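Asker: Here it is, the structure in full.
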Amino acid sequence: MNLPNKLTMLRVIMIPFFVVFLLADITPYDKWIALAIFIVASLTDMADGKIARKYDLITNFGKFMDPLADKLLVCSAMIALIELGRIPAWIVIIIIAREFIISGFRLVASDNGVVIAASYWGKFKTVSQMVMVILMIADIPQLHIVTTVIMYIALVLTIVSLVDYLVKNWGVMGKDV
């Protein structure tokens, strides 16, 4: 369990705290506490990848858990944001469907002895979704148009990254096609 993997696990541990503060009415600062937790969790995503690459600490565990931790964080946030009326459910359904498709694809690839690491499109998708979530949590009326544009950019990148993964890695499906 190296440092990048510990940061990934920290991100997973932060998710319930983030959701509680986002949805609960505990303090007058709940939204801002949730936002701070989400930003810190998002920064651990950037940090674990940079550390893993810089110090050659890339592991199969990290290749699987890092994208999973990202999915758990962002999907939890988007589901909570549906409840708060800040994002349409249909967009979240498309985004989550993409995550299930890629996860299933990675499982089949793994059964064929292949580990599929995150692509640049997948990374752009993750960053755009995290920025979208940050803007939606902050819920600043003056940024409504910017937030909406980022939401649609995140949706497009979600679809583009799905197509990119499938096209580039279709060969790993092997005999299962």
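The values are calculated or read from the model by the stated rules, or taken from the named source; none is laboratory data. Small disclaimer: the values here were computed from a predicted structure and weren't measured. Positions of Cβ are backbone-derived with ideal geometry, glycine not excepted, and every protein chain shown enters the neighbour counts. Quick note on the areas: whole protein, heavy atoms, side chains included, nothing else; ligands and nucleic acids left out. Shrake-Rupley method; radii C 1.70, N 1.55, O 1.52, S 1.80 Å.
Asker: So ILE87 passes all but one of these: (1) part of a helix (DSSP H, G or I); (2) modelled with pLDDT of 90 or more; (3) of a type in the set (A, V, I, L, M); (4) buried (at least 19 other Cβ atoms within 10 Å of the Cβ). Which condition number does it fail?
Answerer: With (1) part of a helix (DSSP H, G or I); (2) modelled with pLDDT of 90 or more; (3) of a type in the set (A, V, I, L, M); (4) buried (at least 19 other Cβ atoms within 10 Å of the Cβ) applied to ILE87, the lone miss is (1).
Asker: Any residue at all in segment 106-114 that is farther than 23 Å from PHE18 by Cα, surrounded by 13 or more Cβ atoms within 10 Å (Cβ to Cβ) and either under 18 Å from the mean Cα position of the chain (by Cα) or among the charged types (D, E, K, R) (or both)?
Answerer: The answer is yes, given that some residue of segment 106-114 is farther than 23 Å from PHE18 by Cα, surrounded by 13 or more Cβ atoms within 10 Å (Cβ to Cβ) and either under 18 Å from the mean Cα position of the chain (by Cα) or among the charged types (D, E, K, R) (or both).
Asker: Same structure, new question: ILE26 versus (1) open to solvent by 60 Å² or more (accessible area, probe 1.4 Å); (2) modelled with pLDDT of 90 or more; (3) not in a loop (DSSP other than H, G, I, E, B): which is the lone unmet condition?
Answerer: Only one criterion in (1) open to solvent by 60 Å² or more (accessible area, probe 1.4 Å); (2) modelled with pLDDT of 90 or more; (3) not in a loop (DSSP other than H, G, I, E, B) is unmet by ILE26, namely (3).
Asker: For segment 130-143, which positions are modelled with pLDDT of 95 or more and buried (at least 16 other Cβ atoms within 10 Å of the Cβ)?
Answerer: VAL131, MET132, VAL133, ILE134, LEU135, MET136, ILE137
Asker: Being open to solvent by 40 Å² or more (accessible area, probe 1.4 Å) and either in a helix (DSSP H, G or I) or modelled with pLDDT under 95 (or both) is the filter here, so list the residues in segment 29-50 that pass it.
Answerer: Passing the criteria: LYS31, TRP32, ILE33, ALA36, ILE39, VAL40, LEU43, MET46, LYS50.
Asker: Taking the criterion of being over 14 Å from the mean Cα position of the chain (by Cα) and either outside any helix (DSSP H, G or I) or under 13 Å from MET78 (Cβ atoms) (or both), would at least one residue in segment 160-172 satisfy it?
Answerer: no
Asker: Which residues, taken from segment 122-169, are closer than 17 Å to VAL108 by Cα and out of contact with any helix residue (DSSP H, G or I) (no Cβ under 9 Å at 6 or more places or on another chain)?
Answerer: VAL167, LYS168
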